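Chemist: Supplied in C-alpha cells, the structure appears directly below.
No value in this document is a laboratory result; all are computed from the given coordinates. Values in this document were obtained by computation on a predicted structure and should not be read as measured data. Cβ placement follows ideal geometry from the backbone for every residue including glycine, while neighbour counts extend to all protein chains displayed.
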Amino acid sequence: MCWRTRHDNASFVCSASDPGRNVSHLRKPKAYSVGEVFKEADKYKQEIILRNKYEVEEDEEEEEEEEEEEEEEEEEEEEEEEEEEEEEEEEEEEEEEEEEEEEEEEEEEEEEEEEEEEEEEEEQQQQQQEEEEEEEEEEEEEEEEEEEEETIAIKQMKSKLELEQQRTMIKRWQEKPRHAKYWAKLNGKETDRENSQQ
C-alpha cells in the first residue's frame, strides 16, 4: 500500500508489511490503490509540465522584457550619445562663431588703425602743404618786397642820375662863354620877376 503525505502531493510512502512505517510524524495517511497512485502521478506530471511551461513562458516574457529594456536602454544611450554629439557640434559651432567674431573684430581694429594712420598721414601732408604754401607765400612776399625796394632804389638811382646829368649838362652849358651871357640875363630877369611879384 502507498500513502500520500499531507504536506506534499508528490510524496508517496509505500510499504507492504507495515502501513505506518517511516510516517510516524504524520497524521493517519489515506490509503490509495496502485491505479490511483499512477493517476495522481500523471496528474502531478501534467502539473509539472504546465508549471514548467508557465515558468518557461514567464522566463521568455522576462527575457523579452529584459531584451526590450536593454533595447530601450540602448536607444536611450544612443539618444544620449546623439544629444552629446549635437551638444559638442553646437559647442564647436559656437567656438567657430566666436573665433570668426574675434577675427572680424581684429580685422575691424586693423582697418580702424589703418584709417587712423591714413588720416594722420593726410593731416601731416596737409600741414606740410600748408606750411610749404605759407613759406612760398612768405618767400613771394619777400621777393615782391625786395623787387619793390629794388624798383624804388632803381628809380631813385635813375632820378639821381638824371638830376646829376641835368646838373652836369647845366654846368657845362653855363661854362660856355656864349651861354654865360644868356644865363646871366636869364637870372637877372628871374630876379626882376621875383622882385616885381613881391
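Chemist: Multiply the residue gap between residue 160 and residue 36 by 0.36 nm, knock off their C-alpha separation, and tell me the result in nm, one decimal place. Mind dumping the intermediate values first?
Modeler: Numbers: separation 124, 0.36 × 124 = 44.64 nm, distance 17.94 nm.
Residue separation times 0.36 nm, minus the Cα-Cα distance, leaves 26.7 nm.
Chemist: Quick one: which of 100-111, 38-49 comes out on top by average Cβ neighbours within 10 Å, and what's the full order, highest first?
Modeler: On the way: 100-111: 10.0, 38-49: 11.7.
Ranking the peptides 100-111, 38-49 by packing returns 38-49, 100-111.
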